[in-house]
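Take a look at the structure below.
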Amino acid sequence: MYFRGCARMELKLYPPLPARKDFRIGILGSGFIVNDCHLVAYRKAGFNPVAIASRSRENAARVAQRHGIGTVGDGYDQLLDDPSLEVLDLAVPPNAQLGLIKAACARKTVKGILAQKPLGQNYREALEAVQTCEAAGIKLAVNQNMRYDHSVRAAKTLLENGTLGEPVFATLEMRAIPHWMPWQKDLGWLTLRIMSIHHLDTFRYWFGEPEGIYCSVRTDPRTKFPHTDGICTYILEYANGLRCVAIDDTWAGPAKEGCPSDNYIRWRIEGTNGLALGDIGWCKEPYTTPSTIRYARKGDQEFHEPRWPESWFPDAFIGTMAQLLVALENGAEPAISGRDNLKTMALVDAAYRSATANRRVDTAGIVGS
C-alpha cells in the first residue's frame with residue numbers, strides 16, 4: 001500500500017486470517033461467483049477447498065479442473081453426507097439456500113456454513129436458517145463481501161479512529177448495469193435483495209443500526225421479466241441525526257442500446273472533522289480494478305490517497321471465508337454471522353414495505369412481525 005499526502009496511517013485493509021488454513025471446504029455451486037471469485041480467493045489465501053458439487057456435474061467438473069479440486073460430487077447430497085468436510089460454502093440461488101442449510105443441519109457433519117446473501121427470500125426465511133444452525137451447533141456466516149472491499153474497510157477505520165469526527169451525512173451512488181441471473185426471473189424481485197443489500201449492509205457496518213428507512217422504487221426499462229424494484233432510492237435515518245442516502249440505478253442510461261456510458265459506484269462520508277470519498281472498482285473493466293479512497297481532515301492541505309493492488313472481486317472473498325474459519329478456531333461468532341445478518345435482512349424487508357406503503361418503515365416492526 002502506498003500513500004499520497006501525509007504520513008502513512010494503518011487503515012486495517014486486510015482482515016485477520018486463521019492460523020489453520022487446512023479446514024476441508026466443500027463447495028455447493030459452480031457459477032461465476034465460485035469459479036471467478038471464491039476459488040480464486042481461496043487459492044490465493046491458501047485455504048483448502050477439497051470437493052465441489054452443482055446442479056450440473058459437467059460444470060462442476062470444469063471448475064474443479066481449473067482450481068485443482070479433487071472430488072466432484074454427483075449431486076449436493078454426496079457432499080452433505082461427507083463426514084470429512086468441515087465447512088460448506090453455499091453458492092446457490094436464494095430460493096434453494098434454506099433447504100440446503102436445513103439438510104446440512106439435519107446431518108450435523110460440518111462445523112460451519114458460509115451462505116450467500118440474501119440469506120433467504122425474506123426475513124422469515126433468514127430467521128429460520130439462523131435458528132436451524134444454532135439448534136444444530138453449526139456456525140453460520142453470510143457472504144456480505146462488500147464489507148471486505150478495501151475502501152469500505154478503510155472508511156471503517158477512519159470512523160473508528162476519529163479521523164472524520166462524528167458522521168453527519170453519507171451517500172452511496174451506483175450507476176451500473178448488473179448481469180442478472182436466470183433464476184431471478186422466477187422470484188418477482190430484483191435490486192433491493194441482490195444489489196442494495198450490499199449497500200444497506202455497508203451502512204450498517206459503518207454506522208450501526210438506523211431507526212428506519214424511506215424507500216422509493218421503479219422498474220428498470222431494460223429488465224423485461226416482472227419486477228418492481230429495478231431502480232431504488234432510499235434514506236436511512238439514525239437517532240443521532242445522521243442520514244444515509246443511496247441511489248441504486250441499474251438502468252444507468254441506454255448504454256447497452258447505443259449511448260455512451262458513465263458507470264460507477266461511489267460513496268461519500270462527511271463528518272464533523274473530515275471527509276472521505278470512495279470509488280468502487282467492481283463495475284469497471286476489468287472487474288478486478290482496485291477500489292480507491294481519498295480522505296482529508298481539518299488542517300490538511302490535500303487529500304490522502306492510499307492505494308493497494310487488491311480488488312473487491314475476487315480478493316474480498318478471502319475475508320468472508322477467513323472470518324468463518326477464525327470463528328471456528330476461537331469459538332466466537334463470525335464477524336458476519338447469520339444472527340447479525342438478520343438486521344440487514346430486516347432492513348431490506350423494511351425497504352420493500354416502505355416502497356409499497358410510501359412511508360418510513362422502522363426495522364423493529366419487521367423483527368417483531
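Check off (1) surrounded by 15 or more Cβ atoms within 10 Å (Cβ to Cβ); (2) over 21 Å from Gly208 (Cβ atoms) for Arg307 and give me the number that stays unchecked.
Of everything listed in (1) surrounded by 15 or more Cβ atoms within 10 Å (Cβ to Cβ); (2) over 21 Å from Gly208 (Cβ atoms), Arg307 misses just condition (1).
Which number in (1) under 29 Å from Gly188 (Cα atoms); (2) surrounded by fewer than 21 Cβ atoms within 10 Å (Cβ to Cβ) marks the one condition that Asn240 misses?
Tallying (1) under 29 Å from Gly188 (Cα atoms); (2) surrounded by fewer than 21 Cβ atoms within 10 Å (Cβ to Cβ), Asn240 fails exactly one: (1).
Considering Val152, Val63, Val87, which residue is within 18 Å of the chain's Cα centre (by Cα) and closer than 30 Å to Pro290 by Cβ?
Values: Val63 fails: within 18 Å of the chain's Cα centre (by Cα); Val87 fails: within 18 Å of the chain's Cα centre (by Cα).
Just a single option satisfies the conditions, and that option is Val152.
Report whether or not His199 is buried (at least 19 other Cβ atoms within 10 Å of the Cβ) and either farther than 25 Å from Thr272 by Cα or at pLDDT 95 or above (or both). Please lay out each step first, then the result.
Working: buried (at least 19 other Cβ atoms within 10 Å of the Cβ): yes; either farther than 25 Å from Thr272 by Cα or at pLDDT 95 or above (or both): yes.
So His199 passes the test.
Looking at the range 310-327, which of its residues are of a type in the set (A, V, I, L, M) and surrounded by 20 or more Cβ atoms within 10 Å (Cβ to Cβ)? Spell out the reasoning first.
To start, the set of residues in the range 310-327 that are of a type in the set (A, V, I, L, M) comprises 316, 318, 321-322, 324-327.
Answer for the range 310-327, where residues must be of a type in the set (A, V, I, L, M) and surrounded by 20 or more Cβ atoms within 10 Å (Cβ to Cβ): Ala316, Ile318, Met321, Ala322, Leu324, Leu325, Ala327.
Need pairs with beta-carbon distance below 9 Å; first residue in the same structural domain as His38 (by TED's automatic domain parsing) and within 26 Å of Asp201 (Cα to Cα) and within the range 101-123, second hydroxyl-bearing (Ser, Thr, Tyr) and modelled with pLDDT under 95; sequence gap 6+ or separate chains.
Tyr123/Ser369
Can you name the condition, by its number, that Arg222 falls short on among (1) in contact with a strand residue (DSSP E or B) (Cβ under 7 Å, 6 or more places away or on another chain); (2) part of a loop (DSSP other than H, G, I, E, B); (3) not small (Gly, Ala, Ser)?
(1)
Would you check if there is a residue in the range 70-84 being closer than 29 Å to Thr289 by Cβ and outside the structural domain of Leu190 (by TED's automatic domain parsing)?
Going residue by residue through the range 70-84, those that are closer than 29 Å to Thr289 by Cβ are none.
No, the range 70-84 contains no residue that is closer than 29 Å to Thr289 by Cβ and outside the structural domain of Leu190 (by TED's automatic domain parsing).
The values are calculated or read from the model by the stated rules, or taken from the named source; none is laboratory data. Everything quoted here is computed from the prediction, not taken from an experiment. Virtual Cβ from ideal backbone geometry, glycine too; neighbours counted across all protein chains shown.
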